[in-house]
Amino acid sequence: MPTSINPVVTRFAPSSTGYLHIGGVRTALYNYLYAKHTGGKFLLRIEDTDRARATPGAIEAITEGLRWIGLPWDGEPVFQFARADKHRAAAEQLLTAGKAYHCYATPEDLTVMREEQKAKGLSIRYDGRWRNRDPKDAPAGVKPTIRFKAPQEGETVIHDLVQGPVTVANSQLDDMVLLRADGTPTYMLAVVVDDIDMGITHIIRGDDHLNNAFRQYQLVLALGHAAPLYAHIPLIHGADGAKLSKRHGALGVEAYRDLGFLPEALLNYLLRLGWGHGDAEIISDDQAALWFDIVDVGRAPARFDLDKLTNLNGHYIREASDDRLIDLIRPLLEKRGPTAPEGLARLRRGLAGLKPRAKTLNQLAEISTFYVHPRPVPLDDKAKALLAGGGVAILGELVQGLQSVSTWTAPALEDWAKAESEKTGQKLGNLAQPLRAALCGSLASPPIFDVMAVLGKDETLGRLRDVTTG
Ligand code: GLU
């Protein structure tokens, strides 16, 4: 791991909106990986100043989402609202230093100002009316805001690690409010003060914050600190090219969990959305930490492709251990119906044959149900139709012979079925389909002789009897 004299400190600073946005997970991942790559720290700050939305449940959705996905942060989370005194102190510090000033413009004054600017075709921004005014002019009874005395000459250049150099003329930056008239800090002040106090060296976040960076940069300098490095990553777009929004489907990480995605699949997918390492598609945590550098993140917006995520999830399901998969799908199986006492043992024996056939945990639970369900197994419509259309008669003839099969393994059962097919002149498939319908309740299953071996002789014959004598 590279080392540096000033350790890297990154942070993920989600607003408590009620859920952990999938785009937020990618931002968190890039912050996490960059810290890992450099041997630095990855901190979490919950931006909970919108008190109506900062419910315990909303905060829990973020911490629980990060825990589930596997992005552990260092130390305790920082809560922004609780730091309001620090934010106020920073505003006072700037006031004392002459880098901020009281503004006595009332909301009504500002409305008039904006309307006049609009009428004149000017861009709408605070006109600095209290910037150089004598505080003695302060009108009685008006509580002032504190505004930042932003530089008016020259330009601000951010050497963004992803976007490259970005420049804005300082004449474009108006004097933003730092403290509202009621004494509450603004978002811009809070973010800057928190980043300073947390020792953040690299601010990696969505490029919707790029415009804020110019003002935040000036504010950091005014507070007497070195500016952090910025990396504004392109937002995630939907398959249609528009910014990812609710109408593209699930947005919160918990929705993907509930759809049956594995956290490592989602992380691997999000990692590759905007960053790559040659042709590597399957990338482990360790490889990612070794290879990931923020400067390699692309500037083009990434497109979210559910099919690709689903295929990747299929890969991770195949890789997952049987014990883990069974633990994960147990609650799903319980929701689907009753479980026979020996059901889970059967599932364990049959899981290898099911894994390649599922791309989500929900699919895996669905195709596993026939192993765990007690007799009689439910039959789907196609299975019922096949059995009614001659399948039962075929099975009736098979049951007798099957009883005398003594070696109950997949190859031995296949040999038996081949012999039956020669004897009766029925194609092997014509024997296999009714067996599948009766044993699995559907016409899609792993190879049927494997299924019979997993079920065992008694259960197989019992299930066949359920349909032939029913
Ligand atoms: N709280 C902001 C958000 O959720 C992020 C602020 C930042 O990263 O500076 O979009």
Residue that is exposed (fewer than 15 other Cβ atoms within 10 Å of the Cβ) and hydrophobic (A, V, I, L, M, F, W, C), where the choices are ALA119, ALA90: ALA119
Residue within region 191-209 that is over 19 Å from TYR34 (Cα atoms), modelled with pLDDT of 95 or more and hydroxyl-bearing (Ser, Thr, Tyr) present: no
Please verify whether region 154-167 includes one or more residues that are modelled with pLDDT of 95 or more and more than 42 Å from the chain's Cα centre (by Cα). no
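Looking at LEU235, LEU229, which is the one that is among the hydrophobic types (A, V, I, L, M, F, W, C) and touching a helix residue (DSSP H, G or I) at 6+ places or on another chain (Cβ under 8 Å)?
None of the other options fit; the residue is LEU235.
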Looking at region 146-239, what strands (runs of 3 or more DSSP E) fall wholly within it and have at least 3 residues that are more than 12 Å from the ligand (Cβ to nearest atom) and either in contact (Cβ under 8 Å) with a residue 24 or more places away in the chain or at positive phi (or both)? 155-160, 164-169, 177-179
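Among the residues of region 1-56, which ones are outside any loop (DSSP other than H, G, I, E, B), near the ligand (Cβ under 10 Å from one of its atoms), within 25 Å of PHE304 (Cα to Cα) and not basic (Lys, Arg)?
PHE12, SER15, HIS21, GLY23, GLY24, THR27, ASN31, listed by residue number.
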Does any residue in region 404-429 that is farther than 19 Å from PRO446 by Cβ come within less than 9 Å, Cβ to Cβ, of a residue that is hydroxyl-bearing (Ser, Thr, Tyr) and crowded, with 16+ Cβ neighbours inside 10 Å six or more places away or on a different chain, and which pairs are these? LYS427/SER421
Inspect region 301-317 for any residue being aromatic (Phe, Trp, Tyr), touching a residue at least 12 places away in the same chain (Cβ under 8 Å) and touching a strand residue (DSSP E or B) at 6+ places or on another chain (Cβ under 9 Å) and give the result as yes or no. yes
Screening VAL8, VAL78 for residues that are out of contact with any His (no Cβ under 9 Å at 6 or more places or on another chain), at pLDDT 95 or above and β-branched (Val, Ile, Thr) leaves only VAL78
Kindly indicate which of LEU312, LEU235, LEU262 is under 22 Å from ILE62 (Cβ atoms) and surrounded by 19 or more Cβ atoms within 10 Å (Cβ to Cβ). LEU262
Which helices (runs of 4 or more DSSP H) does region 303-407 wholly contain that include 1 or more residues that are in contact with a Lys or Arg (Cβ under 9 Å, 6 or more places away or on another chain) and closer than 21 Å to GLN433 by Cα? 361-372, 381-386, 392-403
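Determine if region 378-389 includes at least one residue that is within 39 Å of the chain's Cα centre (by Cα) and among the small types (Gly, Ala, Ser).
yes
The values are calculated or read from the model by the stated rules, or taken from the named source; none is laboratory data. Only a predicted model underlies this, so the values are computations on that prediction, with no experimental measurement involved. Note that we place each Cβ from the backbone using ideal geometry, even for glycine, and neighbour counts take in every protein chain shown.
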